[in-house]
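Peer 1: To start, I am sharing the structure in question, which I have written as structure tokens.
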Amino acid sequence: MANGKVTVIGSFAVGLTLRADRFPVRGETLIGRDFDQGPGGKGSNQAVQIARLGGDVEFVGVIGTDGFGDIAAKLYGDEGVGTTYLTRTAERNTGLGFIVLNAEGDNFIILDPGANALFSPAHVDAAGERINASQVVLAQLEIPLATAVHGLRAGHRAGAIAILNPAPAAPVPAEAFADIDIVTPNHTELRVMLGRRPDDPVDSRDLCAELLRLGVRTVVLTQGEQGALIVRADGTQHIASHPVDVVDTTGAGDAFSGTLAASLAEGATLEAAVARAVGAGALACTRLGVVPALPRRTELEALLSSTSR
């Protein structure tokens with residue numbers, strides 16, 4: 001298959017992690033250890049996943065002119081992610097997350113969106129030529145909601161497949177759904193994006209049907225180790241996952257979303273694209289971290305061929 005073009009409209013942030021035996025109390029200074037620093041941001045991670053599968057991907061986002069922004073620039077150069085429409089600004093720092101882990105593996109996180117908060121619809125418009133040439137436009141909710149919605153609308157109206165990965169969970173205005181071709185929530189995100197409580201007991205299939213009534217063409221409900229459920233007006237289909245030794249699940253969602261977008265851009269059917277995405281998500285669970293866990297094309301093909309025999 002020829003590799004189609006994917007435009008990712010999303011965030012970049014650097015995660016700064018420290019471990020300690022316990023969390024500090026007010027006013028206390030603790031000695032920590034095992035400092036780690038690495039690139040993140042859902043849009044960025046998904047763009048890297050697309051590139052690792054051989055996709056033609058451009059990342060549209062906003063980062064700072066600081067050293068943390070240099071981490072993004074190096075990552076994209078190393079991975080083959082296009083940056084023609086990546087804006088660097090001196091107005092705000094690059095997005096950052098401070099993560100503290102205790103001995104039990106619990107954490108607390110403080111996020112500074114930084115330059116991501118400046119990402120406006122005007123930045124999307126500046127990438128209009130690329131969006132118009134794309135087969136898939138992919139957005140998430142770590143950037144201002146108006147910008148994500150604007151990007152999906154631009155992609156849908158240009159004839160691209162507009163995909164929303166509604167993470168982190170946030171309500172989405174009803175008028176936005178008509179411009180979304182595929183939405184990929186998990187059970188919690190499904191509820192929150194419809195303005196419901198995260199633990200609302202209503203059946204998930206009923207909520208998927210509500211999204212279809214609001215204008216979404218397809219819902220791909222991710223179900224962790226259970227795989228994914230494709231819900232369309234003409235029925236539902238379950239795509240099973242793959243048995244793996246789980247080490248860390250944090251990269252699974254971004255591996256799934258990036259692989260879904262890359263596969264659809266190549267011309268795969270929705271069923272085949274979701275099957276590949278489920279496989280990539282499973283592989284990402286076998287390694288620590290997010291970017292280090294995102295699988296290469298050869299790894300994904302090996303998994304899919306081994307489980308299809």
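The values are calculated or read from the model by the stated rules, or taken from the named source; none is laboratory data. The structure displayed is predicted, hence computed values, not measured ones. In this analysis, Cβ positions are derived from the backbone assuming ideal geometry, glycine residues included, and neighbour counts consider all displayed protein chains.
Peer 1: Take A122 and decide whether it is more than 19 Å from A176 (Cβ to Cβ), assigned to a helix (DSSP H, G or I) and free of Cβ contacts under 8 Å to residues at least 40 places away in the same chain.
Peer 2: Values: more than 19 Å from A176 (Cβ to Cβ): no; assigned to a helix (DSSP H, G or I): yes; free of Cβ contacts under 8 Å to residues at least 40 places away in the same chain: yes.
Against the criterion (more than 19 Å from A176 (Cβ to Cβ), assigned to a helix (DSSP H, G or I) and free of Cβ contacts under 8 Å to residues at least 40 places away in the same chain), A122 does not qualify.
Peer 1: With the structure loaded, tell me whether T218 is polar (S, T, N, Q) and either under 16 Å from D181 (Cα atoms) or over 20 Å from the mean Cα position of the chain (by Cα) (or both) or whether it fails that test.
Peer 2: yes
Peer 1: From the residues in segment 175-219 that are among the acidic types (D, E) and not in a loop (DSSP other than H, G, I, E, B), which one is nearest to K42 (Cα to Cα)?
Peer 2: First, pick out the residues of segment 175-219 that are among the acidic types (D, E): 175, 179, 181, 189, 199-200, 203, 206, 210.
Narrowing the set further to residues that are not in a loop (DSSP other than H, G, I, E, B) leaves 175, 179, 189, 206, 210.
Values: E175: 24, D179: 21, E189: 15, D206: 28, E210: 26 Å.
Selected residue: E189.
Peer 1: Between T222, T218, T188, which is touching a Leu at 6+ places or on another chain (Cβ under 7 Å), under 22 Å from A275 (Cα atoms) and not hydrophobic (A, V, I, L, M, F, W, C)? Even if it seems obvious, please write down each step before you answer.
Peer 2: Working: T222 fails: touching a Leu at 6+ places or on another chain (Cβ under 7 Å); T188 fails: touching a Leu at 6+ places or on another chain (Cβ under 7 Å).
On inspection, the qualifying residue turns out to be T218.
Peer 1: Tell me which of these G105 doesn't satisfy, since it passes every other one: (1) in contact (Cβ under 8 Å) with a residue 12 or more places away in the chain; (2) of a type in the set (G, A, S); (3) surrounded by fewer than 24 Cβ atoms within 10 Å (Cβ to Cβ).
Peer 2: (1)
Peer 1: Pairs needed: first member in segment 191-211, under 16 Å from A170 (Cα atoms) and modelled with pLDDT of 95 or more; second member anywhere, basic (K, R) and in a loop (DSSP other than H, G, I, E, B); C-beta distance under 8 Å; at least 6 residues apart or different chains.
Peer 2: Going by the 8 Å Cβ cut-off, the qualifying pairs are R191/R197; L207/R196.
Peer 1: Here's a follow-up. I want to confirm something. Restricting to segment 34-67 and keeping residues that are without any contact (Cβ under 8 Å) to a residue 40 or more places away in the chain and under 21 Å from D112 (Cβ atoms), which single residue is surrounded by the most Cβ atoms within 10 Å (Cβ to Cβ)?
Peer 2: S44
Peer 1: In addition: Which of the residues belonging to segment 238-258 are more than 10 Å from the chain's Cα centre (by Cα) and over 18 Å from G15 (Cβ atoms)?
Peer 2: Taking segment 238-258 as the starting set, the residues that turn out to be more than 10 Å from the chain's Cα centre (by Cα) are 238-250.
If the condition is that a residue be more than 10 Å from the chain's Cα centre (by Cα) and over 18 Å from G15 (Cβ atoms), then H238, I239, A240, S241, H242, P243, V244, D245, V246 are the ones that fit.
Peer 1: Can you pull out the residues in segment 134-174 that are assigned to a helix (DSSP H, G or I) and out of contact with any Asp or Glu (no Cβ under 6 Å at 6 or more places or on another chain)? Spell out how you get there, then give the answer.
Peer 2: Going residue by residue through segment 134-174, those that are assigned to a helix (DSSP H, G or I) are 145-157, 174.
If the condition is that a residue be assigned to a helix (DSSP H, G or I) and out of contact with any Asp or Glu (no Cβ under 6 Å at 6 or more places or on another chain), then L145, A146, T147, A148, V149, H150, G151, A154, G155, R157, A174 are the ones that fit.
Peer 1: OK, next. Please work out which one of (1) touching a strand residue (DSSP E or B) at 6+ places or on another chain (Cβ under 8 Å); (2) modelled with pLDDT of 95 or more is the condition G54 fails and give its number.
Peer 2: Here G54 meets the rest and fails (1).
Peer 1: Let me ask something else about it. Take segment 32-72 and flag every residue that is within 19 Å of P168 (Cα to Cα) and charged (D, E, K, R).
Peer 2: K42
Peer 1: Next question, about the same structure. Scan segment 7-35 residue by residue and report those that are more than 30 Å from H123 (Cβ to Cβ) and of a type outside the set (A, V, I, L, M, F, W, C).
Peer 2: R19, D21, R22, P24, R26, G27, E28, T29, G32, R33, D34
Peer 1: With out of contact with any Asp or Glu (no Cβ under 6 Å at 6 or more places or on another chain), within 26 Å of D56 (Cα to Cα) and assigned to a loop (DSSP other than H, G, I, E, B) as the only criterion, which of A268, A272 stands out?
Peer 2: None of the others qualify; the one that does is A268.
Peer 1: Considering only residues that are out of contact with any strand residue (DSSP E or B) (no Cβ under 7 Å at 6 or more places or on another chain) and among the acidic types (D, E), look in segment 90-144 and name the one that is nearest to G41 (Cα to Cα).
Peer 2: The selected residue is E142.
Peer 1: Those residues that are under 19 Å from A117 (Cβ atoms) and part of a helix (DSSP H, G or I), I need them from segment 68-102; list them, please.
Peer 2: Listed by number, the residues that qualify are F68, G69, I71, A72.
Peer 1: Shifting gears a bit: Out of the residues in segment 271-309 that are in contact (Cβ under 8 Å) with a residue 60 or more places away in the chain and either touching a Pro at 6+ places or on another chain (Cβ under 7 Å) or under 20 Å from V219 (Cβ atoms) (or both), which is surrounded by the most Cβ atoms within 10 Å (Cβ to Cβ)?
Peer 2: It comes out as A280.
Peer 1: Same structure again: Among what's in segment 293-309 and is in contact with a Gly (Cβ under 8 Å, 6 or more places away or on another chain) and assigned to a helix (DSSP H, G or I), pick the residue that is farthest from V14 (Cα to Cα).
Peer 2: Per the criteria, the residue is T307.
Peer 1: Still on this model: If a residue has to be surrounded by fewer than 13 Cβ atoms within 10 Å (Cβ to Cβ) and of a type in the set (G, A, S) to count, how many in segment 108-123 make the cut?
Peer 2: 1
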